[in-house]
1. Could you tell me whether B:LEU100 is more than 30 Å from A:ILE170 (Cβ to Cβ) and in contact (Cβ under 8 Å) with a residue 24 or more places away in the chain?
2. Got a sec? Which of B:GLN55, B:GLN5 is within 14 Å of DNA strand D (Cβ to nearest atom) and open to solvent by 20 Å² or more (accessible area, probe 1.4 Å)?
3. Could you look through segment A:220-244, keep only residues that are away from chain B (no Cβ under 14 Å) and crowded, with 16+ Cβ neighbours inside 10 Å, and pick out the one that is farthest from B:VAL107 (Cα to Cα)?
4. Out of the residues in segment B:34-47 that are open to solvent by less than 60 Å² (accessible area, probe 1.4 Å) and under 32 Å from the mean Cα position of the chain (by Cα), which is nearest to the other protein chains (Cβ to nearest Cβ)?
5. Got at least one residue in segment A:52-62 being of a type in the set (D, E, K, R) and more than 14 Å from chain B (Cβ to nearest Cβ)?
6. Of the residues that sit in segment B:63-74 and are within 12 Å of DNA strand C (Cβ to nearest atom) and in contact (Cβ under 8 Å) with a residue 12 or more places away in the chain, which one is nearest to the other protein chains (Cβ to nearest Cβ)?
7. Residues to consider are A:LYS219, A:LYS209; find the one that is without any contact (Cβ under 8 Å) to a residue 40 or more places away in the chain and either among the basic types (Lys, Arg) or over 30 Å from B:ILE84 (Cβ atoms) (or both).
There are 2 protein chains.
Amino acid sequence: MTSRQPSLHHQALEILGRRIVTGDLPAGHVMLAESLEAELKVSRSVVREAVRVLQSIGMVESIKRVGIRVLPPQAWNPFDANIIRWRMDSDARGAQLRALAELRSAVEPVASELAAQNAPFPMRRELLQVAEEMVRVGRQGKMERFLELDTRFHALVLSGSGNEMFATLIGQVAETLAGRTTHGLMPAHPKEEALQWHLDVARAILDGKATAARRASAKMINETIEDLSPEWAGQPRVFVPVKP
Amino acid sequence: MTSRQPSLHHQALEILGRRIVTGDLPAGHVMLAESLEAELKVSRSVVREAVRVLQSIGMVESIKRVGIRVLPPQAWNPFDANIIRWRMDSDARGAQLRALAELRSAVEPVASELAAQNAPFPMRRELLQVAEEMVRVGRQGKMERFLELDTRFHALVLSGSGNEMFATLIGQVAETLAGRTTHGLMPAHPKEEALQWHLDVARAILDGKATAARRASAKMINETIEDLSPEWAGQPRVFVPVKP
DNA sequence: GAGTGTAGATGCCTGCACATATCGGTGTCA
DNA sequence: TGACACCGATATGTGCAGGCATCTACACTC
C-alpha cells in the first residue's frame, strides 16, 4: 500500500519529523548538524537535505553559529501531507481528525455548489451513477464495494468543483472514509437517510441546482461528522495568538 | 518586507520553482542533476537540496537512472506557500486568486461558527472592539488604518476557530486584503453594509450565536468575493481526473 | 519471450574553504 | 563603579569538489 521508500533521506526525514510532532524534540530545542549525523548514523548530505525539507514545511529553522532550532506547531504547515500523517500517528491524532473534519465540513458544501455550476457533464453523469449504485450496494450490505463508491463519490465532487485546492483534499477524505470502516465505526448497512443524501447531492449537481447541492451536501457532511466526533472528544483546542 | 534570504539554496529553489510554475519546465520534462549544476552555476549539494524541497511539495520526482522529472500541476501541493507565491507572480495569478477566494468563502463562515462556539473570551471582546473601530475609521475614510483593522478582524476569526488549518490561512487572507487596496479595488469609503456585516459577525461570536455568526460571515464573504471576481474573470477551470 | 550484462544516473559519503552570528574581553565614558 | 561600544576569537551553517556505491532502464543474447 504505502510505497516503500527506504532511502536514507526518507528515513531521516521520518525520524526527525515524528520526533518533533510527538514533542520528543520540543519547540525551541536546538540541534547541531554534527550531532544529528552521529545520532541518525548518516552523512552530512542526508541530514542537510532532511533539514531543508523540514525547513520548507516550517518545522525547523537553521541559523548560523546556533544550529537547527525546532519551531512551535503554529509555524508548521498543517496542509503538508507528511505533517498530517505524522500527527495521525501521534497523540494529536484526535485533533488532526477534528481539523480535517471541520475543513471538510467547510469545503464540501462549497465544492458541491461549484460542481453544480462548473463540473463537466460526464462527471455529473458518473456522480449520479455512483450514487445510484451506492444505494443498491448499501442496501445489500456490501460494505467493501460501498466504501469504494463512497470514496469515488466524494472525489468526483471535490474534483468537479474545478478548484485545485479542494481537489487535493481527496486523499484526506479517502483516508477518513477508509478509517471509518477499519475502525468499525460503520454500521452493517448504511443509513437509508445517508443513501438519500448522496442521491440528492448528485441530482442537484446534475441539474445545475447550486444552492440545493450545497444544502444537501452540508446536511450529509454534518451528519457524518457527528458520527465521527467521538474520535476526538475532549481534545483541547489550540488558539494561536494573532501576531501584530 | 519580504525577508532577504540570499542563500544559494534559496535562489536555486526560486529559479526552479518559478520555471516549473510558468511552464518553462513543463510536466514530464526530465533534467539531470549535472546539467542543473552547470545551468544554475552551483554545486551538487545546492541542487540536491533544492530538488529535495521541490520533491516534498510534489513538483518533481527523482528517479534513479532517469533523472529529475517535472510532475504535472495536479501533483503539486496547492497549499504550499512557495507554490502560491510563484503562481501569484505567473499567468496563473487569476486562477490562484479564485482558488483562494473560494477556499475563503468555504472556510470563513465555518470559522465564524466555530469561533462563536469555542473562541476564548478575550478574543471575542477584541473582535467586537476591532469591528467598532472599523466602523469609525471607515466612515472617516482612513483606509490605511481600516486595512490594518480588517486584517486583524479576519485573523481573529480564523484563529478564534481553534482550527489550526483555518488559522494558517491568515497570511493568505491578509495578502488578499492588502492586494485589494494596492490594486485600487477599494472605494474611498467602505460600504456601510460591509461595516454592518463586520459588526454582525463580531456580535454573534461574542454572544455565542453560532448559526447567526455563520450566516453573517457568509454574507460578508460572498459580497467581497463578488467585488474581487473581475480579477479572475475568464480564467479556465481545471478538472483533475479522479484516479481509480 | 525470458534472462542477463552494462552503461548511466541518483544516492551517499568525505574533506575542505568560506561566511557569519554569537560570545567574551577590553577600553572608554559617565 | 557601572554601562556601553567596539573588536577579535570561535563555533557553526553554507557551499564546493570529488569519489564510490547502488540501482535500473535498456539493449543484447539465447
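The values are calculated or read from the model by the stated rules, or taken from the named source; none is laboratory data. All values reported here derive from a predicted model rather than from experimental measurement. Neighbour counts run over all protein chains shown; Cβ positions are idealised from the backbone, glycine included. Heavy atoms of the whole protein, side chains included, go into the accessibility calculation; ligands, DNA and RNA do not. Shrake-Rupley method; radii C 1.70, N 1.55, O 1.52, S 1.80 Å.
1. The answer is no for B:LEU100.
2. Criteria check complete, one pass: B:GLN5.
3. A:GLU231
4. Filtering first and then ranking leaves B:SER45.
5. Pass one, segment A:52-62, residues of a type in the set (D, E, K, R): A:52, A:61.
From what's left, more than 14 Å from chain B (Cβ to nearest Cβ): none.
No; the residues of segment A:52-62 include none that is of a type in the set (D, E, K, R) and more than 14 Å from chain B (Cβ to nearest Cβ).
6. So the residue we want is B:ILE68.
7. Testing whether each residue is without any contact (Cβ under 8 Å) to a residue 40 or more places away in the chain and either among the basic types (Lys, Arg) or over 30 Å from B:ILE84 (Cβ atoms) (or both) leaves just A:LYS219.
A quick yes/no check of all residues on (1) within 14 Å of B:VAL21 (Cα to Cα); (2) surrounded by fewer than 17 Cβ atoms within 10 Å (Cβ to Cβ); (3) within 16 Å of DNA strand C (Cβ to nearest atom):
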| residue | (1), (2), (3) |
| --- | --- |
| B:GLU49 | no, no, yes |
| B:TRP76 | yes, no, no |
| B:PRO109 | no, no, no |
| B:SER112 | no, no, no |
| B:PRO122 | no, yes, no |
| B:LEU128 | no, no, no |
